[in-house]
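Following: one structure in C-alpha cells, then a few remarks.
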Amino acid sequence: MADQRLPSRSENFADWYNQVVLRAELADYAPVRGCMVIRPYGWALWENIRDTLDRRFKATGHVNAAFPLFIPMSFLEREQEHVEGFSPELAVVTIGGGQELEEPLVVRPTSETIIGHMYAKWIKSYRDLPVLINLWNSVVRWEMRTKLFLRTTEFYWQEGHTAHATAEEAEAETLQMLDIYADFAEREAAVPVIRGRKSQSEKFAGAVHSYTIEAMMGDRRALQSGTSHNLGQNFAKAFEIRYLDQNNELQYCWTTSWGLSTRFIGAIIMVHGDDQGLILPPRLAPHQVVVVPIFRSEEEKSTVMETVERLAQQLGERFRVYVDRREGLTPGFKFNDWEMRGVPLRVEIGPKDVAKGSAALARRDQPGRAGKQFVDQAGLTETVASLLDEIQASLYQRALSFRQEHTHQPEDYEAFKDVVQNGWAESWWCGDAECEAAIKEETKATIRCIPLDQPGGSGKCIRCGNEADEHAVFARAY
RNA sequence: CGGGGUGUAGCGCAGAUGGCAGCGCACCGCGUUUGGGACGCGGGGGUCGGCGGUUCAAGUCCGCCCACCCCGACCA
C-alpha cells in the first residue's frame, strides 16, 4: 500500500525525519507546544546511550548526583554573559501554592549557577578538589522553533560539572570529556565526528571557550552533537567558589561543564537512516536481533515456535533479542515494520528452516532481499556476533565516506559560497568575528568548529584574504 | 516575532451553491490466509479546535480567539 511508504529522504528530508520518528515510535508530540513524549522504543535507545556514557564517566572518576529543577532568578543574574545568553529562553515560575513568589524561580535551562552556589559551600581546601559530578536530568529552554529530538522545549541530557585547582587541570578535563564524547559517537553510535573548538560567537554563554563534536547529517547539514566547556574562573568568581591552597592562600577554582542530550538520537536517525526508515547501530539498538516466526498451520506453528524459542534463548545470552509473536500479521508486514524501526539484524525461521536446520538472516544496512542470507542454526550465535560487528563497522565507514565526499576545500570565496550550500567547507579563517558574521550573512553557513586537528602552517582567510593560521569547518547547521 | 499552512473518528482526508456527518487506513469479532506491506463478512468509534453572531436550520456564512505544523531570525 502506497501510504505505508515514507517520504523519500532525498526529496524531502525534513518530512522523512518527522515520519521516521513518529512511525518508528521513538517519540510523539505532546499537548504542549514544542514538547514531546519519548516513547518506550526511543527511551530504550536513550537508556543505551546513557548507560554507555555513564560507564565512561564513572571510569574517569565522575559520580552522579541530582540537583533541583528550580533555580532562584538572582542566581542566573550573577554571571553577566550567562544571563544574557539564556534570558530569552527561560521559563519562569512566579506563583507557588497559589501565592505570588517573593523571588521568581527559573526552570533550569542548565545548572551551572546552582552548581556554583553549592560548590562554593562544599569546597574549602585544595584537598576537596577536584569535584567531578555529573547530572542526568532534563532542562527547559523556551525555543522559538522546535523539532523532534533536535530542539524541544524540554530535553533530557547529562550535564557534567567539575571544579579544579588549576587552569591546566580544567583544560585537561574539558578535553578529556570531549574525547569521551567523540569515542562514544564513533564507537557506539557509528557517527563520525570532528572535534574542535567553537568560535567566540558560538561558544557557551559564560564559558572561556567551548569544544564541540560536529557530525554531518544525511542532508549534509552539521549537527553539534555534544559540547564541553572550559568555564575558566567565570563561575567561580560569580559564585565565590574558592579554596585554600597548600600555602594557605585563597584561590578561585577553575570549572568545566559538558553535556550531551537526546538530540544525539536525532543525529543517529539522520546519519544512518534510509528510505526504508531507521537504521540503528547494533551497539545502541534496543533490539539488536528480531526473530520473525513464519508458519501456516497450527502444527507448523508449534514446531516453528519451538525452534524460535530455542534459538532466541540461545541468542539472548549474548544479544538483545526480541521475538515477534504478534498474531494475524503476515511475515512480510513484520519485515517492513522492523526495517522501519531500524533493527540491525532480523532472523526469520519458517518450516523450511526447521526441516533443514537453517535460518534466514537479513541485515538492515542492506535493505530488502539484498541483505538476506541463509545460514546454519549451528553456530548461529557466532554468525550473529560477527554480522553485528560488520554492520556496526560498515555504518561507520559509510557515514565517514559520506562526510569526506561532501567536505570541500574551496579555492576562493565564490567556490566557498557554492560548496557550503550542499556540504561542508574547510578553509583558512582569519579569526575575525566580523568576517565570521559576514560569511553567515552571505551564505547562512556558520563556523561549526576550529578542528583540533590542524593542517599546520598558514594561509589566506577564505573571505577577507588576510593572514590566517587556523582552519575552520563551515556549514549550514541545525 | 515575520511569512505560509492546517484544525471534521486514533491517523490521512472528503464534505460547490447552508438541509440526516462520510471515505480510506487503523481498531474489535468471526473465518480463510501467512517465506517481502493478505482477504471476506460483520462491528464500535464524532461536543466538526473554542466562543459568539446571522438563519427555521451552520462542519459549511460572518467576527473574535486558541492550538499545532512548515519556512526564516535565536539556540544543545
Practice problem: Note down the accessible area of A:HIS406, probe 1.4 Å, to the nearest 10 Å². | Solution: 30 Å²
Quiz prompt | Accessible carbon and sulfur surface of the range A:155-230 relative to its total accessible area, %, 1.4 Å | solution = 46 percent
Quiz prompt | Helix A:380-405 axis, angle to chain A major axis (alpha carbon atoms, nearest 10°) | solution = 50 degrees
Quiz item: When DSSP assigns beta bridges and you keep just the ones with both residues in the range A:407-475, what percent turn out antiparallel, to the nearest 5?
Solution: 85 percent
Quiz item: In the full protein assembly as shown, how much of A:ASP183 is accessible to a 1.4 Å probe, in Å² to the nearest 10?
Solution: 50 Å²
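Using the Cα centre of the range A:366-478 as the reference point, and only Cβ charges (+1 on K/R, -1 on D/E), how large is the resulting charge dipole? Debye, rounded to the nearest 20.
It works out to roughly 560 debye.
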Quiz item: With point charges of +1 on the Cβ of Lys and Arg and -1 on the Cβ of Asp and Glu, referenced to the Cα centre of chain A, which listed residue (A:LEU260, A:PRO281, A:ALA189) lies farthest in the positive direction of the dipole?
Solution: A:PRO281
Exercise. Leaving out ligands and nucleic acids, note down the accessible area per residue over the range A:12-74 with a 1.4 angstrom probe, in whole Å².
Key: 47 Å²
Quiz item: Given 0.36 nm per residue, what is the gain on full extension from A:LYS124 to A:ALA437 after removing their alpha carbon distance, in nm?
Solution: 108.4 nm
Quiz item: So what's the angle, to the nearest 10 degrees on a 0 to 90 scale, between helix A:167-183 and the longest Cα principal axis of chain A?
Solution: 20 degrees
Quiz prompt | Proximal lysine pairs, the range A:2-272, alpha carbons under 30 Å, eight or more residues apart or interchain | solution = 13
Self-check item: Chain lengthening between A:GLN19 and A:GLU249 when straightened (0.36 nm per residue, less Cα-Cα)
Solution: 76.8 nm
Quiz item: Projected area of chain A, taken from the Cα convex hull and averaged over every viewing direction, in nm²?
Solution: 27.5 nm²
Self-check item: Charge dipole magnitude, Cβ of K and R +1, D and E -1 - chain A, Cα centre, debye nearest 20
Solution: 1220 debye
Quiz item: Sorted by mean Cβ packing within 10 Å, highest first, what order do the peptides A:191-200, A:341-350 take?
Solution: A:341-350, A:191-200
Quiz item: Quick one: Karplus J couplings for the range A:25-41, per residue in order, coefficients 6.51, -1.76, 1.60, θ = phi - 60°, nearest Hz, x for Gly and Pro?
Solution: 6, 6, 7, 9, 5, 8, x, 10, 3, x, 9, 9, 9, 8, 7, x, 5
Quiz item: Within the range A:164-189, what residues put their amide N at less than 18 Å from the label point 7 Å along the Cα-to-Cβ vector of A:ALA393?
Solution: A:186-189
Practice problem: Using only the alpha carbon atoms of the range A:269-360, find the Kirkwood hydrodynamic radius as the inverse mean reciprocal pair distance, in angstroms to one decimal. | Solution: 13.7 Å
Quiz item: Tell me, what ³J(HN,Hα) does each residue in the range A:72-86 have, in order and in whole Hz, if you take phi through Karplus 6.51 cos²θ - 1.76 cosθ + 1.60 with θ = phi - 60° and put x for Gly and Pro?
Solution: x, 3, 4, 5, 4, 6, 6, 10, 4, 5, 4, 5, 5, x, 9
Quiz item: On average, how much area does the Cα convex hull of the range A:2-272 cover when viewed from any direction, in nm²?
Solution: 16.0 nm²
Quiz item: Karplus couplings for the range A:200-215 from phi (6.51 cos²θ - 1.76 cosθ + 1.60, θ = phi - 60°), rounded to Hz, Gly and Pro as x?
Solution: 4, 6, 9, 6, 5, 5, x, 8, 6, 8, 10, 10, 9, 10, 10, 10
Quiz item: Between the helical axis of A:13-23 and the dominant principal axis of chain A, each derived from Cα atoms, what acute angle in degrees is found, rounded to the nearest 10?
Solution: 60 degrees
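The values are calculated or read from the model by the stated rules, or taken from the named source; none is laboratory data. Fair warning: this is a prediction, and the values are worked out from it, not measured in the lab. Quick reminder, even Gly has a Cβ in these numbers, built from the backbone with ideal geometry, and neighbours come from all protein chains shown. These accessible areas exclude ligands, DNA and RNA; they are computed on the full protein's heavy atoms, side chains included. Shrake-Rupley method; radii C 1.70, N 1.55, O 1.52, S 1.80 Å.
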